[in-house]
Amino acid sequence: MRVRRVVTRRGRHIRGYFPSKKMKRMVAWESLLERDALLLLELSPGVVAYQEQPEELAYWDGEAMRAYIPDLWASLHDERALLIEIKPSSELSRSQVKAKYRQIAEQLLAQGLDYRLLTDKEIQQEPQFSNLKQLQYHYNHPTSPLPTRSQLAAAFYLTESIPLAQCLERFGSDVTYTLIAQARLYVDLTQPLAPASLVQLPSGERHATIYF
């Protein structure tokens, strides 16, 4: 349960809810950048669960103890828990803001807590972000029926990878993109999706891929 109410009608900031299939509920966000970050957590196969406004922490700012609530908490496939702060890179150009979050990061890490500060540069990096937005529809509205594990294995018989064009021809567009969105097929989303993009069955660390 989040420690404070996020979405209110007061203030000039845009607020809303992200429909999460992973969490089976609506997840609140307080900025468009937070909303975009939720897409990365939702589609990252290495993120098992996540929560907004997870807990109130304390840090020393050099003069007094201050309360601090991270924007997000994520439980990862490798059993680590990660605290996440979302900030526009433009805000970090202010020395006072940059110093504040450096203090928070140092103190949380000293306590053995994993902490990441994500900016628009990490969250909205292209072409990954556009690829994820394209896959979001297929993630939320998966087609059916989907190939069985043995049918997928047969498609990769005697080869580790096949071109995306071959996948599209064999399975069709909706099925192929649903399989990629569900991480049942792997393709490098940091590169533009093109007919020649190589598609593989997920294996090893690819089951724990995170997009940030």
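The values are calculated or read from the model by the stated rules, or taken from the named source; none is laboratory data. No experiment lies behind these values; they were computed from the predicted model shown. For neighbour counting, all protein chains shown are included, and Cβ atoms are generated from backbone atoms with ideal geometry for every residue, glycine included. When the accessible area is computed, the model is the full protein with side chains, heavy atoms only, and any ligands, DNA or RNA have been set aside. Shrake-Rupley method; radii C 1.70, N 1.55, O 1.52, S 1.80 Å.
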**OP:** Please determine, by comparing only the residues of region 104-121 that are assigned to a helix (DSSP H, G or I) and open to solvent by 60 Å² or more (accessible area, probe 1.4 Å), which one is farthest from G62 (Cα to Cα).
**Re:** K121
Original post:
How many residues does region 42-61 hold that are touching a residue at least 40 places away in the same chain (Cβ under 8 Å) and either open to solvent by less than 50 Å² (accessible area, probe 1.4 Å) or β-branched (V, I, T) (or both)?
Top reply: 13
**OP:** For region 179-189, indicate whether the set of residues that are open to solvent by 60 Å² or more (accessible area, probe 1.4 Å) and over 26 Å from E79 (Cα atoms) is non-empty.
**Re:** no
Original post:
What are the residue pairs meeting all of these: first residue in region 22-36, first residue free of Cβ contacts under 8 Å to residues at least 24 places away in the same chain and within 26 Å of K121 (Cβ to Cβ), second residue open to solvent by 40 Å² or more (accessible area, probe 1.4 Å) and not aliphatic (A, V, I, L, M), Cβ atoms under 6 Å, and 6 or more apart or on different chains?
Top reply: W29/R35
Original post:
Which of the residues that make up region 152-167 are in a helix (DSSP H, G or I) and open to solvent by less than 40 Å² (accessible area, probe 1.4 Å)?
Top reply: L152, A155, L164, C167
Subject >> Index of the failed condition, A67 passing every other in (1) open to solvent by less than 60 Å² (accessible area, probe 1.4 Å); (2) over 27 Å from H207 (Cβ atoms); (3) of a type in the set (G, A, S) >> reply: (1)
**OP:** Report yes if S95 is open to solvent by 60 Å² or more (accessible area, probe 1.4 Å) and either over 15 Å from I210 (Cβ atoms) or modelled with pLDDT of 95 or more (or both), otherwise no.
**Re:** yes
Original post:
Can you name every residue in region 82-105 that is out of contact with any Phe, Trp or Tyr (no Cβ under 6 Å at 6 or more places or on another chain), among the hydrophobic types (A, V, I, L, M, F, W, C) and within 20 Å of I123 (Cβ to Cβ)?
Top reply: L82, I84, I86, L92, V97
**OP:** From the list R206, R184, R170, pick out the single residue that is basic (K, R), within 21 Å of V48 (Cα to Cα) and modelled with pLDDT of 95 or more.
**Re:** R184
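Conditions (1) among the β-branched types (V, I, T); (2) in a strand (DSSP E or B); (3) over 30 Å from K87 (Cβ atoms); (4) open to solvent by less than 70 Å² (accessible area, probe 1.4 Å), marked per residue:
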residue	(1), (2), (3), (4)
L135	no, no, no, yes
S144	no, no, yes, no
S150	no, no, yes, no
E169	no, no, yes, no
V175	yes, no, yes, yes
P192	no, no, no, no
